[in-house]
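First up is the structure itself, then whatever we jot down about it.
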Amino acid sequence: DLGEYRHFMLKEIFEQPQSVVGTLENRLGSDHVLPALVGAADALERLAQVDEIQIIACGTSYHAGLVGRYWIEANTDIPCNVEVASEYRYRRQPPRKNMLLVTISQSGETADTLAALEKIKESQGCLATLTICNVAESSLTRESDMSLMTMAGPEIGVASTKAFTTQLVALQLLMVLLMQAKGGDKAKIAQIVADLRKLPALIEQALDLHPKIEALAEHFIEKNHALFLGRGEMYPIAMEGALKLKEISYIHAEAYPAGELKHGPLALVDSEMPIVTVAPNTALLEKLKSNLEEVRSRGGELYVFADRDAHIIAADNLHVLEMPHVPELLAPIVYTIPLQLLSYHVAVLKGTDVDKPRNLAKSVTVE
Ligand code: M6R
């Protein structure tokens with residue numbers, strides 16, 4: 001039922017505060033996360049032995065995994081790799097005894113992700129397998145030792161929206177569980193848990209930008225290309241923004257870590273190339289600002305979603321949309337919202353089939 005909404009995608013974008021509440025519900029203690037959330041009585045003992053993590057996923061779920069790596073490596077001493085399932089499944093990996101294999105999937109039925117999991121189980125083995133998944137009775141939950149369910153509810157739009165943000169929430173829960181299992185800093189854990197409780201309200205504030213983003217969308221409909229920039233854990237968010245735009249509006253979009261501009265993509269920048277940037281007030285902000293200047297001085301049209309304390313001031317060719325102030329760990333989740341809304345409105349203006357983009361299926365169950 002679409003209710004007041006014109007498309008499922010828009011409805012699902014606006015459901016995100018609720019789906020985040022659902023994903024946090026009954027999983028947070030006063031100052032810690034509850035180990036039962038991965039569905040194994042001995043979760044903490046198992047996770048205590050992990051000395052390496054491999055994340056496997058496809059598409060949007062892969063982007064969630066990339067953010068997860070930044071978080072896990074910033075807050076634990078466990079090295080974490082991330083790879084798309086279609087690559088991982090066809091190459092040899094050296095045996096890794098104490099590895100936790102994490103698959104991420106909305107549907108739990110993606111053929112490549114399942115095949116990668118099966119391959120690991122049959123060949124090299126690993127310490128344990130865990131899936132972050134949105135469908136309780138899926139193949140991935142059945143085949144994995146532990147399951148951390150996202151509580152997004154059914155997602156109808158082919159473009160993943162609420163599934164992605166709840167995957168990010170699940171990755172933070174997993175990160176905190178790993179911190180607890182490894183005897184991490186209690187005060188830091190308590191702070192992350194307290195911040196997670198603020199997330200639904202922050203997403204609401206980002207959704208309030210809706211009318212402003214709708215107005216921005218006009219600027220994109222005549223364009224053939226767009227560039228998305230981010231640094232650190234915001235780089236995968238730029239990748240996700242670019243995927244959303246190409247998937248539903250059919251505009252070619254690419255994401256780059258802003259520091260890579262000079263190594264090639266700067267050659268593409270002219271007044272016909274809109275450049276979308278996510279700029280929370282994080283450690284890499286000053287570096288990002290100098291990257292933006294490089295673009296502006298070449299005539300690029302910049303659209304920046306920025307923290308008010310980032311002090312990025314609107315000017316010619318520089319459009320600034322002010323975002324709510326967010327704790328650093330929540331920035332990737334909150335900054336995803338305006339990028340979803342932007343691609344949605346560009347697609348609506350272009351008249352594409354937003355909920356069922358051409359050539360795509362909701363769940364890719366064949367190779
Ligand atoms: O069900 P999964 O999360 O395993 O699906 C993976 C991708 O096919 C999926 O995320 C796809 O990239 C989205 N439609 C993008 O919006």
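Things to note:
- Burial order of peptide ranges 174-186, 39-51 (average beta-carbon count within 10 Å, highest first): 174-186, 39-51
- Distances between placed amide hydrogens fall under 5 Å for Phe228 paired with Glu254, Ala255, Tyr256, Val276, all partners being 5 or more residues away or on another chain.
- Solvent-accessible surface of the range 209-355, taken per residue with a 1.4 Å probe and all protein chains present: 38 Å².
- Leu34/Ala187 FRET efficiency (R0 22 Å; Cβ-Cβ; nearest 0.05): 0.70
- Element breakdown for the range 62-178 at a 1.4 angstrom probe: carbon and sulfur atoms account for 48% of the accessible area.
- Sorting the segments 294-302, 113-121, 53-61 by their mean number of nearby beta carbons within 10 angstrom, highest to lowest, gives 53-61, 113-121, 294-302.
- Across all directions, the shadow cast by the convex hull of the range 102-146 built on its C-alpha atoms averages 2.6 square nanometres.
- The calculated FRET efficiency for the pair Lys287 and Leu2, based on their C-beta separation and a Förster distance of 56 Å, comes to about 0.85.
- Vicinal HN-Hα couplings computed from phi for the range 110-120 (Karplus, 6.51 cos²θ - 1.76 cosθ + 1.60; Hz; Gly/Pro x): 5, 4, 5, 5, 4, 5, 5, 4, 4, 4, 4
- Short-range pairs are left out: with C-alpha atoms under 8 Å and at least six residues apart, the relative contact order of the range 64-188 is 25 percent.
- Eligible lysines near Lys97 by straight Cα distance, threshold 16 Å, same-chain separation 8 or greater: Lys119, Lys121
- Quotient of Cα Rg and 2.2 N^0.38 Å for the range 206-365, N being how many residues it contains: 0.98
- Put simply, the convex hull of the Cα atoms in the range 197-236 casts, on average, a shadow of 4.2 nm².
- Separation in nanometres of the label points that stand 7 Å from Cα toward Cβ, at Leu44 and Glu367: 4.3 nm
- 3J(HN,Hα) couplings calculated from phi for the range 14-26 with the Karplus curve 6.51 cos²θ - 1.76 cosθ + 1.60 (θ = phi - 60°) are, in sequence order, 6, 7, 4, x, 5, 5, 6, 4, x, 6, 8, 4, 6 Hz; Gly and Pro show x.
- For Lys186, a cut-off of 26 angstrom between C-alpha atoms picks up these lysines, skipping any fewer than 8 places away in its own chain: Lys198.
- Comparing Glu272, Glu137, Glu247 in a Gaussian network model of the chain (Cα springs below 10 Å), the most mobile by mean-square fluctuation is Glu137.
- Its Cα gyration tensor gives the chain an equivalent ellipsoid, and the semi-axes of that ellipsoid, as √(5λ) in whole Å with the largest first, are 33, 22, 21.
- Summing +1 for each Lys or Arg and -1 for each Asp or Glu among the other residues whose beta-carbon sits under 15 angstrom from that of Leu288 gives -3.
- Summing charges over all other residues whose Cβ lies under 9 Å from the Cβ of Leu329, with Lys and Arg as +1 and Asp and Glu as -1, gives -3.
- Nearest-20 debye value, the chain charge dipole, Cβ charges on Lys, Arg, Asp, Glu: 480 debye
- Expected-Rg normalisation [2.2 N^0.38 Å, Cα atoms] applied to the range 4-70: 1.49
- Residue-wise HN-Hα coupling along the range 348-354, computed from phi with Karplus coefficients 6.51, -1.76, 1.60 (Hz; x: Gly, Pro): 4, 5, 7, x, 7, 7, 4
- Relative contact order [Cα under 8 Å, 6+ residues apart], the range 1-148, whole percent: 21 percent
- Calculated diffusion of the range 160-209, Stokes-Einstein form, Kirkwood radius summed over Cα pairs, 20 °C and 1.002 mPa s, µm²/s: 178 µm²/s
- Dipole of the chain [Lys/Arg +1, Asp/Glu -1 at C-beta], most positive-end residue of Ser297, Thr277, Thr103: Thr103
- Taking amide H as placed 1.01 Å from N in the peptide plane, Met146 has its amide H under 5 Å from the amide H of Thr129, Leu130, Thr131, each at least 5 places away in sequence or on another chain.
The values are calculated or read from the model by the stated rules, or taken from the named source; none is laboratory data. Nothing here was measured: the structure is a model prediction, and the numbers come from that model. All Cβ positions, even for glycine, are placed from backbone atoms using ideal geometry, and neighbour counts span all protein chains on display. Keep in mind that these areas ignore ligands, DNA and RNA; they rest on the heavy atoms of the full protein, side chains included. Shrake-Rupley method; radii C 1.70, N 1.55, O 1.52, S 1.80 Å.
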